[in-house]
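Enquirer: Below is a structure I'd like to ask you about.
The values are calculated or read from the model by the stated rules, or taken from the named source; none is laboratory data. Predicted, not measured: the structure shown is a model, and the values here were computed from it. Don't worry about glycine lacking a Cβ; one is built from the backbone with ideal geometry, like all the others, and counts go over all protein chains shown. For accessibility, only protein heavy atoms count, side chains too; no ligands or nucleic acids. Shrake-Rupley method; radii C 1.70, N 1.55, O 1.52, S 1.80 Å.
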Amino acid sequence: MVSTETSPRAEPAAARERFDAVIAAGERIEPRDWMPDDYRATLVRQIAQHAHSEIIGMQPEANWITRAPSLKRKAVLIAKVQDEAGHGLYLYSAAETLGVSRAELLDMLHEGRQKYSSIFNYPTLTWADVGVIGWLVDGAAITNQVPLCRCSYGPYARAMVRVCKEESFHQRQGFEILHVLAHGTPEQRAMAQDATDRWYWPSLMMFGPPDAESAHSARSMAYGIKRFSNDELRQRFVDMIVPQADALGLTLPDPDLRWNPERGHYDFGEIDWAEFTQVLKGNGPCNRQRLSHRRAAHAEGAWVREAARAHAAKRARRAEHEGSPA
Amino acid sequence: MSERPLDEWPLWEVFVRARRGLSHTHVGSLHAADAEHALHNARDLYTRRREGVSLWVVPAASITASAPDDREVLFDPADDKVYRHPTFYSVPEGVEHL
């Protein structure tokens, strides 16, 4: 991952041929290999969006750290939010191998020029939301991310292997929170059901628009960045969560949800894509809050970054002084 | 006071020894102000689940890498030297420990 080096310019036709052969063989492209400009641009856009989602995703959950119902739940939630920060950092590192700097990426997030997953623009109203985020939101993320472990770009694939290992803890802790609530008092049960009702549809939207309307899908599939289509992954997710909801004793708020023996899959209802578009445009319940909090956190951390630089410079000067002959 | 860009913290490559007896393996990179800071960040970022017993951090700028285009020059000469592998040699049947 020597990100500061750009790919040497090989003879384009031969380089393109070699790139295509690597992709066709299902092998990995590495940072210093020649790659087409649109492959690089697609990866920067996707990895940056993914990294931004991880760090913005810390906010809705961190909202409950001070109000976690027990010390155990609090410790678990802190560990989970710390993991999300870590996932963001793995991904920013991977993006940097493509020749873009971390400062640039953060600027693009702060200025709204790059997006993050629209799921994080929904509020976490009760403790049960923390459970549902682990179960449905992290569950959907895992469904999306497992195939990315075989993505054609080496550094992204390696980051995803690490992320996926850690996500399974997130999904299970969420499921456990919900299981306890769903088997608790009537009020706790109602809280678990209410949170499930609010997050079900947004979690289905996490897979992106239907295949026919997905702007970047075809190119990403051709380049081996994406292995399955949005609709395939969405179906896989629905098939996974229906029996899990049964095990929790909760219902999914979808009257059209039923097993289709001919397809061998669950049919599900029509997604409200108008809502998705609105949230994507910045009109979701928390868009402004999420971005302004991110900008404020970045600005408030400036003195820490400055102090670390000053401290490092001072130590370097001292070492030089002590090391010089008397 | 205007802030200098965050990427003035240099980039470090991180290597983790998973357990005694194994080599350090490259796991990723991070930004840090100096080596000690890089070690602290590497601990927090790459060993939250007992992934290792030892860390190396190396300034990314200190690494010299071979270029993909030099692959043939560097590595192809080994292709026609099959006699460097034990399977190149025939051994009479029944001879053991060879």
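Enquirer: Among the numbered conditions (1) surrounded by 12 or more Cβ atoms within 10 Å (Cβ to Cβ); (2) more than 25 Å from the chain's Cα centre (by Cα); (3) aliphatic (A, V, I, L, M); (4) over 21 Å from A:A141 (Cβ atoms), tell me where A:V304 comes up short.
Expert: (1)
Enquirer: Which numbered condition trips up A:G99, out of (1) closer than 22 Å to A:S292 by Cα; (2) within 14 Å of another protein chain (Cβ to nearest Cβ); (3) of a type outside the set (D, E)?
Expert: For A:G99, the exception is condition (1).
Enquirer: I'd like the residue in region A:51-83 that is open to solvent by less than 40 Å² (accessible area, probe 1.4 Å) and assigned to a loop (DSSP other than H, G, I, E, B) and, out of all such residues, is nearest to the other protein chains (Cβ to nearest Cβ).
Expert: Checked region A:51-83; the qualifying residue nearest to the other protein chains (Cβ to nearest Cβ) is A:G57.
Enquirer: Quick check: is even one residue across region A:103-115 of a type in the set (D, E, K, R), open to solvent by 20 Å² or more (accessible area, probe 1.4 Å) and within 11 Å of chain B (Cβ to nearest Cβ)?
Expert: Start the filter on region A:103-115 by keeping residues that are of a type in the set (D, E, K, R), which leaves A:104, A:107, A:111, A:113, A:115.
Now narrow it down to the ones that are open to solvent by 20 Å² or more (accessible area, probe 1.4 Å): A:104, A:107, A:111, A:113, A:115.
This time we only want the ones that are within 11 Å of chain B (Cβ to nearest Cβ), so: A:104, A:107.
Yes, region A:103-115 contains a residue that is of a type in the set (D, E, K, R), open to solvent by 20 Å² or more (accessible area, probe 1.4 Å) and within 11 Å of chain B (Cβ to nearest Cβ).
Enquirer: Out of all the residues in region B:42-90, which are of a type in the set (A, V, I, L, M, F, W, C), part of a helix (DSSP H, G or I), surrounded by 10 or more Cβ atoms within 10 Å (Cβ to Cβ) and more than 9 Å from chain A (Cβ to nearest Cβ)?
Expert: Filtering region B:42-90 for residues of a type in the set (A, V, I, L, M, F, W, C) gives B:42, B:45, B:53, B:55-58, B:60-61, B:63, B:65, B:67, B:73-75, B:78, B:82, B:88.
Narrowing further to those that are part of a helix (DSSP H, G or I): B:42, B:45, B:60-61, B:73-75, B:78, B:82, B:88.
Restricting the remaining residues to those that are surrounded by 10 or more Cβ atoms within 10 Å (Cβ to Cβ) gives B:42, B:45, B:60-61, B:73-75.
If the condition is that a residue be of a type in the set (A, V, I, L, M, F, W, C), part of a helix (DSSP H, G or I), surrounded by 10 or more Cβ atoms within 10 Å (Cβ to Cβ) and more than 9 Å from chain A (Cβ to nearest Cβ), then B:A42, B:V73, B:L74, B:F75 are the ones that fit.
Enquirer: Here is a further query. More than 30 Å from A:A15 (Cα to Cα), facing chain A (nearest Cβ under 9 Å) and open to solvent by less than 40 Å² (accessible area, probe 1.4 Å), is that true of B:H24?
Expert: Working: more than 30 Å from A:A15 (Cα to Cα): yes; facing chain A (nearest Cβ under 9 Å): no; open to solvent by less than 40 Å² (accessible area, probe 1.4 Å): yes.
Answer is no for this residue.
Enquirer: Hey, can you tell me all the residues within region A:149-166 that are in contact (Cβ under 8 Å) with a residue 40 or more places away in the chain and either closer than 24 Å to A:L257 by Cα or assigned to a helix (DSSP H, G or I) (or both)? So that I can check it myself, show each step before the final result.
Expert: Initial filter on region A:149-166 (in contact (Cβ under 8 Å) with a residue 40 or more places away in the chain): A:150-159, A:162-163, A:166.
Result: A:R150, A:G154, A:P155, A:Y156, A:A157, A:R158, A:A159, A:R162, A:V163, A:E166.
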